[in-house]
Amino acid sequence: MTEDPVRRIADAVLYEGYVLWPYRRSALKNQRRWTFGGVHPRAHSERHPDDRWLQRTECLVEQDRPPDIDVRVRFLHVVRRDVARDDGGGRLVDVDELTVAGRRHLAWDEAAEREIGAPGAVSIAAGVEEEPLLDEDGTRAGALIRRWEGLTGSVGVDVAPVGDGLWRVTVAVANTTPFAGCDREAALRRTFCSTHAVLRTRTGRFVSLTDPPPALAGVAATCRNEGVWPVLIGDDRTVLSSPIILEDHPRIAPESPGDLFDGGEIDQLLILSILGLTDAEKAEMRDSDPRAAEILARCEALEPEQLMRLHGMVRPA
């Protein structure tokens with residue numbers, strides 16, 4: 001099955017900054033996460049205006065009749081992974097780390113992918129899942145306990161004429177999750193993280209806001225985008241409203257062996273740095289997060305010719 005290039009770019013945006021070099025829990029930069037595309041609880045945002053509660057996308061579509069727009073909003077939902085030890089009497093006691101059957105387990109924040117069709121409501125119930133950790137003899141030694149907070153909000157879509165055969169599409173993502181606390185980390189557990197939207201039209205054509213045609217530059221300048229910037233992706237029938245700066249028609253280099261969650265760095269440098277980690281550092285990387293463990297396994301499996309391709313390529317203009 002052919003991979004969807006739009007989905008691949010959107011996934012790269014979704015996980016940008018999820019965990020950064022050196023991909024270990026103990027690294028300072030991995031102790032302050034979820035820095036891109038946050039749509040925070042409104043009550044928190046009203047006390048901390050830099051943390052927006054509303055994300056707004058406006059873009060233009062050329063079509064002789066009201067366009068039919070498919071909108072998908074995606075974000076990450078923080079999932080707290082706690083580690084608990086069985087005290088021998090069947091009671092679970094929270095610990096920071098636990099080694100069971102030769103494998104170390106660390107407390108950490110993971111994330112669940114969420115996708116909302118628009119227009120629509122965001123309504124995700126709080127939940128908890130328990131994964132038992134068993135010794136070699138099958139005895140429960142502890143458990144991983146994953147918890148997530150409930151989320152509420154809305155995704156609105158509006159299409160309005162702004163000229164002959166020209167329409168403005170507005171997508172508004174709002175987080176109305178109740179929150180009475182003051183702690184930012186607690187607010188982040190109720191935040192739509194890495195929020196972005198993918199807009200598609202089957203019959204119309206989106207207008208580039210980065211480089212609009214001269215005749216449409218004035219109207220394009222009136223589009224109001226808050227917390228995102230819409231770019232054409234794939235073709236002019238698809239827009240990615242991205243929380244990080246991208247150019248129109250972004251691409252992932254075919255030489256890239258996989259996502260490293262850090263689009264601002266060079267794959268070759270990151271991969272060589274990962275391969276140069278000590279055994280202890282690799283162990284912490286592996287134990288911190290399943291996605292970090294996947295990165296490590298992928299890097300260690302690269303063949304020499306794959307590494308050589310990362311040095312650079314010359315492509316025709």
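The values are calculated or read from the model by the stated rules, or taken from the named source; none is laboratory data. Bear in mind that the values here come from a model prediction, so they are computed numbers and not experimental data. Reconstructed Cβ throughout: ideal geometry from the backbone, glycine too, with neighbour counts over all protein chains shown.
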query: Name the residues in region 276-315 that are among the hydrophobic types (A, V, I, L, M, F, W, C), over 20 Å from Leu144 (Cβ atoms) and touching a residue at least 12 places away in the same chain (Cβ under 8 Å), would you?
result: Leu277, Ile295, Cys299, Leu302, Leu307, Leu310, Met313
message: With the structure loaded, tell me whether Arg202 is crowded, with 21+ Cβ neighbours inside 10 Å and of a type in the set (Lys, Arg) or whether it fails that test.
response: no
- request: Kindly provide the set of residues from region 237-285 that are of a type in the set (Asp, Glu) and touching a helix residue (DSSP H, G or I) at 6+ places or on another chain (Cβ under 8 Å), ordered by number.
  value: Glu255, Asp259, Asp262
- request: Please state which of the following conditions Leu151 fails to meet, knowing it meets all the rest: (1) touching a Phe, Trp or Tyr at 6+ places or on another chain (Cβ under 9 Å); (2) at pLDDT below 95.
  value: (2)
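Residue by residue, here is whether (1) aliphatic (A, V, I, L, M); (2) crowded, with 23+ Cβ neighbours inside 10 Å; (3) assigned to a loop (DSSP other than H, G, I, E, B) holds:
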site: Arg7; (1), (2), (3): no, no, no
site: Arg32; (1), (2), (3): no, no, yes
site: Thr35; (1), (2), (3): no, no, yes
site: Glu46; (1), (2), (3): no, no, no
site: Pro49; (1), (2), (3): no, no, yes
site: Arg52; (1), (2), (3): no, no, yes
site: Arg56; (1), (2), (3): no, no, no
site: Leu60; (1), (2), (3): yes, yes, no
- prompt: Restricting attention to region 169-196, which residues are buried (at least 19 other Cβ atoms within 10 Å of the Cβ) and touching a Pro at 6+ places or on another chain (Cβ under 8 Å)?
  reply: Val169, Asn175, Thr177, Phe179, Ala187, Arg190, Thr191, Ser194, Thr195, His196
query: Of all residues in region 9-30, which are among the aliphatic types (A, V, I, L, M), without any contact (Cβ under 8 Å) to a residue 60 or more places away in the chain and part of a helix (DSSP H, G or I)?
result: Leu28
field: Wholly enclosed helices (runs of 4 or more DSSP H) of region 208-317 bearing at least 3 residues among the polar types (S, T, N, Q) and more than 20 Å from Asn30 (Cβ to Cβ)
entry: none
query: Residues in region 91-112: is at least one surrounded by fewer than 16 Cβ atoms within 10 Å (Cβ to Cβ) and either under 20 Å from the mean Cα position of the chain (by Cα) or outside the structural domain of Ala43 (by TED's automatic domain parsing) (or both)?
result: yes
message: Being surrounded by 18 or more Cβ atoms within 10 Å (Cβ to Cβ) and acidic (Asp, Glu) narrows it down to one residue among Asp267, Asp236, Asp279, Asp248; which is it?
response: Asp267
